[in-house]
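Visitor: First the structure, which I've put down as structure tokens, then a few questions once you've had a look.
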Amino acid sequence: MSKNVERDVTQYLYGLALNEDSWVPEEVARRFSVRPERIREIALSMEELGLISSAGGAYRVAGATPEALIARIVDEERESLLRRVRENEAFSSRMNMMATTLYELFREKQSAAGTTVVTGRERVSEVLEEVTSFASREIISMHPGSTPSRQMLQEGMRRNRQVLDQGVSMTCIHLLSMHRVPYADRHLKELQDAGVRLRLMPTLPFRMIIVDSSVAMVPAPDDPTSMALLIVRDPHTVRLLLQLFNFCWVSAVPRTDTPCEESSVGELSTQQQAVLRLLATGRTDEGISRELGISTRTLRRVMADLMSRLGVTSRFEAGVESQMRGLLN
């Protein structure tokens, strides 16, 4: 039965009750081409709502006016909605408490496993979202590599604000090269303005996120070309990674609003010193540029200036000269 037919039947039955006319379901059913059972159901609903009352098999209009009946129905529905809202709030509170409890149990169980490897870009993103969403105290992180795109930084800022709004503190170290890219530097300032503790370094060993000093996430070392994440829960390993972060933090410099100028030690800038140290490890140009977050073209320009300052013509001579001058100490 359509809503229009149900409305017409309701109006018809109410008119019969007003006139105290007798009727039988079968006659009304034939009039509207519906089943008699449906007519009885509508009459029962009208009676439950207080629109009509039955006595001795005949229906009459109830004592209250339609306006009063509608007002009562609205009040009852409002109270029902408020009751459901309270029930939903209580349910949500129980679920949040349960989620926290289950996560703590899950974390305790997983800590015995030590490490877990997660592969695939989509799964890695899901795990990062899941773990960081359960942070209750702090998230610390290091961010090496090339400067992300504007879109990636905007999406990252959205997630950061969600974490900060939960009362979780954030401390991070970014590459100094981001300070030289205007849109990336604006992102760094936005982080600072939001309350994030932030410092910069010329180079960083690897990407790292540590949540509540209990779970660490680093790139899986087996296959650096694939998207693989190593989740570390072993407390001893996590503490070791925390010590590494603190070492980098002490060596890092605060971000300022003034244009980035290279601080220098001796004759070389911090960037040139970082290049020398990476050259000493046998890194290729691609590896060094990736570590410093700069292009290979920029790296070659830095190296040309570096060799000119040292008065040498080869990488080997640059290494020997820098050692003789104590520039890598």
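The values are calculated or read from the model by the stated rules, or taken from the named source; none is laboratory data. Note that the structure is predicted; figures quoted are calculated from it, not measured. Glycine gets a Cβ as well: all are built from the backbone with ideal geometry, and neighbour counts include every protein chain shown.
Visitor: Give the residues of segment 139-168 that are over 25 Å from residue 293 (Cβ atoms) and not in a helix (DSSP H, G or I), sorted by residue number.
Guide: Step one: filter segment 139-168 for residues over 25 Å from residue 293 (Cβ atoms), giving 162, 165-168.
Selection gives 166, 167, 168.
Visitor: While we're on this one: Among the residues of segment 172-196, what is the count of those that are farther than 15 Å from residue 271 by Cβ, assigned to a strand (DSSP E or B) and more than 19 Å from the chain's Cα centre (by Cα)?
Guide: Within segment 172-196, residues that are farther than 15 Å from residue 271 by Cβ, assigned to a strand (DSSP E or B) and more than 19 Å from the chain's Cα centre (by Cα) number 1.
Visitor: Starting from segment 5-26, keep only residues that are assigned to a helix (DSSP H, G or I), then list their pairs with residues that are among the small types (Gly, Ala, Ser) whose Cβ atoms are within a distance under 7 Å, requiring at least 6 positions of separation or different chains.
Guide: From segment 5-26, the pairs are 13/43.
Visitor: Continuing with this model, one more query. Do any residues in segment 233-257 that are farther than 20 Å from residue 177 by Cβ have Cβ atoms under 6 Å from those of residues that are in a helix (DSSP H, G or I) and at pLDDT below 90, where the two are at least six apart or on different chains, and which pairs are they?
Guide: As it stands, the answer is 233/110; 233/111, since those pairs meet every condition given.
Visitor: Kindly indicate which of 53, 45 is under 15 Å from residue 14 (Cα atoms), part of a strand (DSSP E or B) and at pLDDT 75 or above.
Guide: Exactly one residue qualifies, and that residue is 53.
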